[in-house]
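The values are calculated or read from the model by the stated rules, or taken from the named source; none is laboratory data. What you see is a predicted model; the values in this text were computed from it and never measured. FYI the Cβ positions are ideal-geometry reconstructions off the backbone, even for glycines, and counts take in every protein chain you see. Just so you know, the surface numbers come from the protein's heavy atoms only, side chains and all, with ligands and any DNA or RNA stripped out. Shrake-Rupley method; radii C 1.70, N 1.55, O 1.52, S 1.80 Å.
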Amino acid sequence: MARIDVSIEQKDRAEPQPGAKRHPNTCPSCGSHYRDEELERELYVCPQCGHHFPVGARVRIEQLTDPGSFLEEATDVRSADPLDFFDLRPYTERLAEAELATGLGEAIVVGRAMLEEEPCELAVMDFSFMGGSMGSAVGEKFARACDSAAERGLPLVSVTASGGARMQEGILSLMQLPKTVCAVSDLHDAGCALISVMAHPTTAGVLASFASLGDVIVAEPGALLSFTGPRVVQQTTREKLPDDFGLAESNFRFGHLDAIVTRHELKPYVGRLLRLFSKNDH
């Protein structure tokens, strides 16, 4: 089989400067350094400047849900390799590497949970799994989360962090955009709400599909929420962009978000929304 040259991913990449590698617990905004337990205690938010460090799906679920209440679903759904895709390495090798690095089977984790004693369905993406890209398995798991929420008459809380569609699955990946949109439509037809929480970054196909369809849409401070990143837009248009282009603050200013919510406030904020959308008589 002919191999596809995508070595462009190696082009125009700046060479790392000596000593430029930053410790993962060092804040990229203010340079403050923290021990693991300090960051965990602060929900991975810099106490000095408020920078929100990225967190994985498991950590996010632990931060949001009541202890011991999360029950994972659709664990058997995994990506296939229908195109026998090979760029610099086989797609199957990249999947195996991502699974070993993250401990996840895919870039999204779904299941039922309790949040501030309110039942809900949860769908949480993990950017560390192949950039949180949406392939067939991610679309299927999100659709199953919508079905589960509709069946039980519960709101769905979605937390997104994604670079967009997964190129290794070609058109099958792009088909997940209408698939997830239809799943949200079915959820709404069942009288259930979607609460969309956008984390950094939420871009491209995920932003253009289910992430933007929430009945309430919120984002973490400083999150990039843009169909295309500012560097690509600036290179294409050859125009100087605002410093906050695509950031949560810019999206909020233009009415694309209902609120910007810090990580410390996120659980009680979503809890209040769940109580507002609850069908239970209490």
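Any idea which of (1) open to solvent by less than 20 Å² (accessible area, probe 1.4 Å); (2) within 18 Å of ARG78 (Cβ to Cβ); (3) among the hydrophobic types (A, V, I, L, M, F, W, C) is the one LEU156 doesn't satisfy?
(2)
If you check GLY131, GLY103, GLY56, GLY139, which single one turns out to be touching a helix residue (DSSP H, G or I) at 6+ places or on another chain (Cβ under 6 Å) and of a type outside the set (Lys, Arg)? Full working, then the answer.
Values: GLY131 fails: touching a helix residue (DSSP H, G or I) at 6+ places or on another chain (Cβ under 6 Å); GLY103 fails: touching a helix residue (DSSP H, G or I) at 6+ places or on another chain (Cβ under 6 Å); GLY56 fails: touching a helix residue (DSSP H, G or I) at 6+ places or on another chain (Cβ under 6 Å).
That would be GLY139, the only listed residue that is touching a helix residue (DSSP H, G or I) at 6+ places or on another chain (Cβ under 6 Å) and of a type outside the set (Lys, Arg).
Among the candidates PHE252, PHE210, single out the residue that is out of contact with any Asp or Glu (no Cβ under 8 Å at 6 or more places or on another chain) and within 21 Å of ALA145 (Cβ to Cβ).
Values: PHE252 fails: within 21 Å of ALA145 (Cβ to Cβ).
Just one listed residue meets the conditions, PHE210.
Are there any pairs, at least 6 apart or on different chains, whose C-beta atoms fall under 8 Å, with the first in segment 234-257 and more than 14 Å from THR203 (Cα to Cα) and the second exposed (fewer than 11 other Cβ atoms within 10 Å of the Cβ), and if so, which?
As it stands, the answer is GLN234/LYS240; SER250/PRO242, since those pairs meet every condition given.
Residues being within 28 Å of GLU118 (Cα to Cα) and either under 22 Å from the mean Cα position of the chain (by Cα) or aliphatic (A, V, I, L, M) (or both): count how many of those fall in segment 226-282. It would help to see each step written out before you state the result.
Step one: list which residues in segment 226-282 are within 28 Å of GLU118 (Cα to Cα), which gives 248, 252, 256-282.
Filter once more, so that each one left must be either under 22 Å from the mean Cα position of the chain (by Cα) or aliphatic (A, V, I, L, M) (or both): 248, 252, 256-274, 276.
So the answer is 22.
Report every pair of residues separated by at least 6 positions or lying on different chains whose Cβ atoms are under 7 Å apart, first residue within segment 142-162 and free of Cβ contacts under 8 Å to residues at least 40 places away in the same chain and under 17 Å from ALA199 (Cβ atoms), second among the acidic types (Asp, Glu) and in a strand (DSSP E or B).
LEU156/GLU121
Among (1) touching a residue at least 12 places away in the same chain (Cβ under 8 Å); (2) open to solvent by 10 Å² or more (accessible area, probe 1.4 Å), there is one condition VAL261 misses while meeting the rest; what is its number?
Among (1) touching a residue at least 12 places away in the same chain (Cβ under 8 Å); (2) open to solvent by 10 Å² or more (accessible area, probe 1.4 Å), VAL261 violates only (2).
Kindly provide the set of residues from segment 33-54 that are exposed (fewer than 15 other Cβ atoms within 10 Å of the Cβ) and touching a strand residue (DSSP E or B) at 6+ places or on another chain (Cβ under 7 Å), ordered by number.
Result: HIS33, single match.
Listed residues LEU207, LEU187; which is crowded, with 19+ Cβ neighbours inside 10 Å, of a type in the set (A, V, I, L, M), under 19 Å from SER136 (Cα atoms) and at pLDDT 90 or above? Please lay out each step first, then the result.
Numbers: LEU187 fails: under 19 Å from SER136 (Cα atoms).
Just a single option satisfies the conditions, and that option is LEU207.
Could you tell me which residue of segment 223-246 is nearest to PHE210 (Cα to Cα), considering only residues that are open to solvent by 50 Å² or more (accessible area, probe 1.4 Å), of a type in the set (A, V, I, L, M, F, W, C) and not in a helix (DSSP H, G or I)?
In this case the residue turns out to be PHE227.
Being surrounded by fewer than 24 Cβ atoms within 10 Å (Cβ to Cβ), more than 15 Å from ALA98 (Cβ to Cβ) and in contact with a strand residue (DSSP E or B) (Cβ under 9 Å, 6 or more places away or on another chain) narrows it down to one residue among ALA193, ALA137, ALA143, ALA149; which is it?
That would be ALA193, the only listed residue that is surrounded by fewer than 24 Cβ atoms within 10 Å (Cβ to Cβ), more than 15 Å from ALA98 (Cβ to Cβ) and in contact with a strand residue (DSSP E or B) (Cβ under 9 Å, 6 or more places away or on another chain).
For (1) under 27 Å from PRO178 (Cα atoms); (2) aromatic (Phe, Trp, Tyr); (3) assigned to a strand (DSSP E or B); (4) in contact with a Phe, Trp or Tyr (Cβ under 8 Å, 6 or more places away or on another chain), each residue gets a yes or a no:
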| residue | (1), (2), (3), (4) |
| --- | --- |
| LEU100 | no, no, no, no |
| LEU104 | yes, no, no, yes |
| GLY131 | yes, no, no, no |
| ALA137 | yes, no, no, no |
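Within segment 55-79, can you find the residues that are part of a loop (DSSP other than H, G, I, E, B) and either among the basic types (Lys, Arg) or surrounded by fewer than 16 Cβ atoms within 10 Å (Cβ to Cβ) (or both)? Full working, then the answer.
Looking only at segment 55-79, we keep the residues that are part of a loop (DSSP other than H, G, I, E, B), and these are 55-56, 65-70, 74-79.
Hits for segment 55-79 are ASP66, PRO67, GLY68, THR75, ASP76, ARG78.
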